[in-house]
Ligand code: ADP
């Protein structure tokens, strides 16, 4: 069963065509700079080299048409007829408190996604645009929404409430939601499959370390705490996001730097994190290279980054009353032995000890990287959010009667 997975940003459309039953990716790519004079498509069809092309895509609907045309009429057509696509799975960042699991999209769901606009002003409007464009282009197949927040809807109130006047939660639903849920879900499920860690009685900490980064404390298969909050700005140090800061800093920035609120927003979301600290780059590879060449600001940025992850490990070991396994995932988590080693160093008294050779070998693959005498297992597991979206869309489409 072929499922088209769509993930829309404000000026981008990422897609993958996945055979959800066989778990095989048939094609994928991204259209960037939608709405600009010239957009760029990067496309990969299985078995072929990646291709880059420029095109004109004035809006998400045009980008969607381009994707379908490419799947049907590209140099190596992936499908013979658009009817071969049985369902479309959409990544939606914020489900609020009402959308707690993947759902078939209907007018009520569209309304609920719009209701969550003020909770995710950067993401949900773009996600909705993608849904509208895809529904217009593929009106006869079921469309399913899969939410980044859904996996964390099991957080107990003591973990999701902020110590603010409670009326703010009641009135505006201001609380911790958490994100990257699909990734935390996927890597924890893979861990239960490939290790002796038992879903029904285990304490697991998952670390999704990509451009955006978050951690989750997972007790017996359920997320009970996570580092992102009302928005994806909270928690760990990220490529360009600050993660946790003292909220009073916002007042200081307004007063001392004379910034407007939207400038503060941009500073915390786009100019902070690794980029802000290093003054050089948001990409961990670049920061690592410069640090190795002796740049002290890059070195310090890495130290702050790793210290924050380590501090959250301690936090979640307390929350879980111990830990059976830690999983590293996403770009940095999957590919950087150096960062994993720095995070896990000095945690021997908590039962965490890496096997240096295994850690060095584990690049982009599923592997146990802890030493034999480590009481906590440590794993690298490449994440696959699109696969989760495809499988959820397939299941929901099947129960809705699609073939
Ligand atoms: P996104 O959150 O955008 O999906 P990714 O999961 O692809 O991002 O992660 C991107 C991050 O992973 C970047 O900071 C990149 O530098 C980092 N990364 C990728 N490969 C490596 C590597 N070999 N060593 C260190 N960092 C890496």
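Only the coordinates and a few stated rules stand behind these numbers; no lab work does. Keep in mind it's a predicted model, so treat the numbers as computed, not measured. All Cβ positions, even for glycine, are placed from backbone atoms using ideal geometry, and neighbour counts span all protein chains on display.
For the chain, adding -39500 (n - 2.57) for each run of n ≥ 4 DSSP H residues and dividing by the number of residues yields -11500 deg cm²/dmol at 222 nm.
Cα convex hull, the range 271-361: 106 Å³ per residue, rounded to a whole number. Here r is the Cβ-Cβ distance between residue 303 and residue 73 and R0 is 41 Å; the resulting FRET efficiency, rounded to 0.05, is 0.20.
Would you mind classifying the chain by shape? Square roots of the alpha carbon gyration tensor eigenvalues, ordered a ≥ b ≥ c; an a/c under 1.5 is rounded, otherwise it is prolate if a/b is larger than b/c and oblate if not. The shape class here is rounded.
Each label was represented as a point 7 Å from its Cα along the Cα-to-Cβ direction; for residue 23 and residue 258 these points are 5.9 nm apart. Residue separation of residue 286 and residue 46 scaled by 0.36 nm, minus their Cα-Cα distance, works out to 83.5 nm of gained length. Looking at the square roots a ≥ b ≥ c of the eigenvalues of the Cα gyration tensor of the range 197-296, which shape do they give, rounded for a/c under 1.5, prolate if a/b is larger than b/c, or oblate? Taking the square roots of the gyration eigenvalues as a ≥ b ≥ c, the range 197-296 is oblate.
Rounded to the nearest 10 degrees, the inclination of helix 181-194 to the longest alpha-carbon principal axis of the chain is 80 degrees. Computed from the Kirkwood radius of its Cα pairs, the Stokes-Einstein diffusion coefficient for the range 84-194 at 37 °C and 0.692 mPa s stands at 217 µm²/s.
Can you tell me the FRET efficiency between residue 164 and residue 373 if r is taken as the Cβ-Cβ distance and R0 is 41 Å, rounded to the nearest 0.05? E between residue 164 and residue 373, to the nearest 0.05, is 0.35. Label sites at residue 400 and residue 36, each approximated as a point 7 angstrom past Cα along Cα to Cβ, lie 3.4 nm apart.
Here the label points at residue 104 and residue 211, each 7 Å from Cα along the C-beta direction, are separated by 3.5 nm in the simple model. Residues 277, 99, ranked from the fewest to the most other C-beta atoms within 10 Å, line up as 277, 99.
Subtracting the Cα-Cα distance of residue 97 and residue 59 from their residue separation scaled by 0.36 nm leaves 10.7 nm.
With neighbour counts taken as other beta-carbon atoms within 10 Å, the residues 111, 132 rank, fewest first, as 111, 132. In degrees between 0 and 90, to the nearest 10, how far off the longest principal axis of the chain does helix 124-137 point, with axes built from Cα atoms? Computed tilt is about 30 degrees.
With the highest mean first, a sort of the peptides 165-172, 65-72 on other beta-carbon atoms found within 10 angstrom per residue produces 65-72, 165-172. Given the range 83-135 reduced to its alpha-carbon atoms as identical point scatterers, what log10 I(q)/I(0) does the Debye formula return at q = 0.20 Å⁻¹? Result of the Debye calculation: -0.66. Assign one of three labels to the range 309-403, namely rounded, prolate or oblate, based on the Cα gyration tensor with a ≥ b ≥ c the square roots of its eigenvalues; rounded applies when a/c is under 1.5, prolate when it is not and a/b is larger than b/c, and oblate otherwise. Cα axes put the range 309-403 in the prolate bin.
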